[in-house]
Amino acid sequence: MKLVILGLPGAGKGSQAVLLSKALSIPRICAGEMLREISKEKSSLGKIVKETVQKGELVSDDLIFTLLKQRLRKSDTRKGFILDGTPRTLNQAQMFRKLFSLDKVFVLKIDEKTAMTRLLKRGRGDDTHVAIGRRFEIFNREIGQIVKLYHDLGILVEINAKAAPQVAHKEILSHLKRG
Ligand code: ADP
């Protein structure tokens, strides 16, 4: 099963991806986490990634494509995987189509105010007002085209993410059972 979970920062993509990863015994792949690891490196790439993530900007599509291609070479992805928060641009979505075909794409729907409150409570390095504002702006700019692509492929599912994580999780599982 090859799945994607998308949504506004703070929608709960990580929580849903972790629950789903346990339920289906397939790995969760989060580009954001991979990038946070890279940003600890003293290399010039580490420095660029750190600055980009802190500002709430996107890293390049090419970097994401390279990282994902490498990650998918590991044998734990044989039965499938859950992409958490990726693709973030239409170009990434199109690049991924060359690597694999997805079964379902879940988009977690939430209002910005609720998402902002959640993020400010979490307080990660890039969870400042300015960086969150920028991440929301970019998400709103890109998501329409991505959703259209997956809708046209007949694999898009929208999930209400204002409810408790377990409620959204059950909704996702029931969609997967329906096929
Ligand atoms: P959130 O969804 O709360 O922003 P993530 O961990 O998914 O958290 O992403 C954190 C940051 O990592 C993003 O703001 C962006 O800078 C970078 N990032 C994550 N995924 C991608 C991607 N697919 N393409 C470009 N940049 C990404």
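Quick note: the coordinates plus some simple rules give every number you see, no bench work behind them. Predicted model only: the values in this text are computed from it and were never measured. A quick note on method: Cβ atoms are made from the backbone with ideal geometry, for glycine too, and the neighbour counts reach across all protein chains shown.
Quick notes on this structure:
- Gained length - L120 relative to R178, 0.36 nm times residue gap less alpha-carbon distance: 17.3 nm
- Subtracting the Cα-Cα distance of A164 and E51 from their residue separation scaled by 0.36 nm leaves 37.4 nm.
- Ignoring lysines fewer than eight residues from K170 along the same chain, the ones with Cα atoms less than 19 angstrom from its Cα are K2, K13, K22, K104, K109, K162.
- Positive dipole terminus of the chain, leading residue within L45, I29, F65 (C-beta point charges): I29
- Kirkwood hydrodynamic radius (C-alpha pairs) into Stokes-Einstein, the stretch 1-123, 25 °C and 0.890 mPa s, D in µm²/s: 161 µm²/s
- Expected 222 nm ellipticity per residue - DSSP helices of 4 or more, -39500 (n - 2.57), all of the chain, to 500: -17500 deg cm²/dmol
- For the pair A23 and F100, the difference between a 0.36 nm per residue extended length and the Cα-Cα distance amounts to 25.5 nm.
- Here each label is just a point 7 Å from Cα along the line to Cβ, and for K40 and K113 those points are 3.8 nm apart.
- All C-alpha pair distances within the stretch 117-179, sorted into 5 Å bins from zero, spread as 4, 14, 15, 17, 21, 17, 9, 3, 0 percent across the bins.
- Between the listed residues F96, G125, T77, the Cα displaced farthest toward the positive end of the dipole of the stretch 66-129, a dipole computed from Cβ unit charges relative to the Cα centre, is found at T77.
- With a Cα cut-off of under 29 Å and a minimum spacing of 8 residues unless on different chains, the lysine pairs in the stretch 38-97 number 15.
- The residues packed around T117, meaning those with a beta-carbon under 15 Å from its beta-carbon, carry a net charge of +4 if Lys and Arg are +1 and Asp and Glu are -1.
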